[in-house]
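A short worksheet on the structure shown next.
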Amino acid sequence: MKPIRRRASPKTIPFLAMRFVLIWLSILSIGGCESQEPLRIGFVGTLSGKAALLGTAGRDGVLLAIEECNRQGGVNGRKVELLVKDDGNEAEQAKKVDQELINAGVSAILGHMSSEMTAAVYETVMASGLVLLSPTVSSVEFSGLDDNMLRVAGTSDALTRGLAGHCATQKGWKQAAIIYDMANKAYSLSYADLFERAFAATGGRIIRRISFVSGTDALSMKAIAKQALEDNPDGVLVIAASLDAAILCQQLKKINPNISLASSGWAFTEELVQNGGKAVEGIVLPSYYQPHSPEAAYVAFKKSFEQRFGYPSSFAASLGYEAATVVLAGLKEASSPRQLKETLLRMQRFPGLRGDLVFDRLGDIQRPFTLLTVRDGRFSEMQ
């Protein structure tokens, strides 16, 4: 007896066909999401050598922001991929790695972490049409330019005015010396000039300026300190990265234990305290970063950062995080990477860790700053 074969009812055929089409479209949709190219963002900083601490912290702050973004669905459904490059604190290497990022099709570059490296790559990145958003660069050399560079750190002019006023009125400086590292010339030279101008406005006088080049200068730190103290200044301003600043402070205190010291935000890392010891107790430096801010967003960031990376956050980490959140917010709204600058300036206001970040029409930003000192082996905000 032959088995009975049931034919599909004419009414069920369209239904089955439609079901097949819907299943096939669903498969295609899923496959499309999985194969969609990630949105790439570049980060460049100094990740090797003596200046690596700043770059590493900045990179980790950026990475934390991108990981959080991806957990929330990425940028309009696209996963964000961070391409990291080390500029080696060398101009030619910085140009090379930035060009590699441009060739890789990144949508924006976050970096560099020093003014000198930013100056080295400025023309290369500007010619590409991409946005270069620096977390930490504060040199006035980049102020007032209608270009594709933005930054989340305030500029040095407000910092130097605040520091000069404090040194004159609170520390009693009438005459001072400045030591500055020309390895980061775009930052340190303008910082020294701005401080001298602001100090003169208080009636003070800079009686000696000594420059050196970190890692290459034959002049020893001891000899530099001796030169700075030859004319018996009331205080010495040291403009250098944290390790060099710590060593110079030690040498200055060995010659004159009572000398009053100040530094710039460039030295504001735990490396200054760890290597400077008692020599940096009482040193004063200005910063846009408040390490003990009670703001909820900042407290949450500090906790997340230390849980993720196993070490405390720093000013470079927090600014790196803020820079990344700004770029990610802009990319969600921009029609293409080439429209990112206009989009960011149109949006203008972005939530930061300690209040809103507000760009002016040229992509610069004004932030409140604080004066910090080292007290009992830790940074404290001055009252």
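The values are calculated or read from the model by the stated rules, or taken from the named source; none is laboratory data. As the structure is a prediction and not an experimental result, all values here were calculated from the model. Glycine gets a Cβ as well: all are built from the backbone with ideal geometry, and neighbour counts include every protein chain shown. Only protein heavy atoms, including side chains, enter the accessible area calculation; ligands, DNA and RNA are left aside. Shrake-Rupley method; radii C 1.70, N 1.55, O 1.52, S 1.80 Å.
See the values below:
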read-out: Residue in segment 108-159 that is farthest from Arg197 (Cα to Cα), counting only those that are among the hydroxyl-bearing types (Ser, Thr, Tyr) and under 12 Å from the mean Cα position of the chain (by Cα); value: Ser134
read-out: Qualifying residue in segment 313-330 (condition: open to solvent by 80 Å² or more (accessible area, probe 1.4 Å) and over 19 Å from Gln366 (Cβ atoms)); value: no
read-out: Condition check for Ser128: under 20 Å from Glu322 (Cβ atoms) and of a type outside the set (Val, Ile, Thr); value: no
read-out: Residues of segment 122-151 that turn out to be within 17 Å of Ile41 (Cα to Cα) and either in a loop (DSSP other than H, G, I, E, B) or not polar (S, T, N, Q) (or both), as a count; value: 12
read-out: Subset of segment 236-264 [more than 20 Å from Ser220 (Cα to Cα) and surrounded by fewer than 24 Cβ atoms within 10 Å (Cβ to Cβ)]; value: Asn258, Ser260
read-out: Any hit, segment 261-272, residues being within 20 Å of Trp173 (Cα to Cα), under 23 Å from the mean Cα position of the chain (by Cα), in a strand (DSSP E or B) and modelled with pLDDT of 95 or more; value: yes
read-out: Filtered residue count, segment 166-186, keeping only those that are open to solvent by 20 Å² or more (accessible area, probe 1.4 Å), in contact (Cβ under 8 Å) with a residue 60 or more places away in the chain and over 19 Å from Asn258 (Cβ atoms); value: 3
read-out: Qualifying residue in segment 187-196 (condition: open to solvent by 10 Å² or more (accessible area, probe 1.4 Å) and within 30 Å of Pro337 (Cβ to Cβ)); value: yes
read-out: Checklist (1) modelled with pLDDT of 95 or more; (2) farther than 18 Å from Gly58 by Cβ applied to Val326, failing item; value: (2)
read-out: Answer residue from segment 288-341, given it is touching a strand residue (DSSP E or B) at 6+ places or on another chain (Cβ under 7 Å) and among the acidic types (Asp, Glu) and is farthest from Ala158 (Cα to Cα) among those; value: Glu295
read-out: Residue match in segment 215-225 (condition: without any contact (Cβ under 8 Å) to a residue 24 or more places away in the chain, open to solvent by 20 Å² or more (accessible area, probe 1.4 Å) and in contact with a strand residue (DSSP E or B) (Cβ under 8 Å, 6 or more places away or on another chain)); value: yes
read-out: Test: residue in segment 104-113 that is part of a helix (DSSP H, G or I) and over 21 Å from Val213 (Cβ atoms); value: no
read-out: Selected residue (only one of Leu25, Leu54, Leu64 is farther than 22 Å from Ser128 by Cα, at pLDDT 95 or above, of a type outside the set (Gly, Ala, Ser) and not in a strand (DSSP E or B)); value: Leu64
read-out: Number of the exception - Gly162 against (1) outside any loop (DSSP other than H, G, I, E, B); (2) of a type outside the set (A, V, I, L, M, F, W, C); (3) free of Cβ contacts under 8 Å to residues at least 24 places away in the same chain; value: (3)
